[in-house]
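Before any comments, here is the structure.
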Amino acid sequence: MEALCKDSSISSEISHHRESIIGRASKVYYDVLLFMFRYCRFYLGRRTEDDRRQVDRWKKCAGDKGRWRNNLISKIVRSGCAYDNFAVSPVVRQTLQHWAYKLNKKDFDQYAKKVKL
């Protein structure tokens, strides 16, 4: 991840996009629309007053009680497919991928027991 975060072409492109958003925004939020940029900066050590809110957003999406993580697991259980069958709900998988989460066997097994058929 560190190599990707330090990739100057990606950083330059994201910075340009970020500046265009900030230029249009009346109120500046730290990397609101650019999760990858925010994640890279966090990974490299930056901390902001917005961190708690972003962590809470991640938990609501992909955490233990995360809406989209549990939605995906429920769809997989009801379909009778394996947890790593990417044909089941690719859109939800992509949403989770945007939040840096990939469903694993442990998480699947843990929540699958709670799904009502």
### Query
About the Cα centre of the stretch 51-117, what is the dipole size in debye to 20, counting +1 per Lys and Arg Cβ and -1 per Asp and Glu Cβ, all else neutral?
260 debye
### Query
Which entries of Lys59/Lys116; Lys60/Lys113; Lys60/Lys116; Lys75/Lys114; Lys75/Lys116 show an alpha-carbon separation above 18 angstrom in the structure shown?
Lys59/Lys116; Lys60/Lys113; Lys60/Lys116
### Task
Could you pull out the chymotrypsin sites (Phe, Trp or Tyr not before Pro) across the stretch 63-115 that fall in loop regions by DSSP (anything but H, G, I, E, B) with no more than 14 other Cβ atoms inside 10 Å?
Phe86
### Query
Which trypsin sites (Lys or Arg not before Pro) from the stretch 56-105 combine a DSSP loop assignment with at most 14 other Cβ atoms within 10 Å?
Lys65, Lys102
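Every number here is computed from the coordinates shown, using simple stated rules; none is lab data. None of the values given here were measured: they were computed from a predicted structure. Quick reminder, even Gly has a Cβ in these numbers, built from the backbone with ideal geometry, and neighbours come from all protein chains shown.
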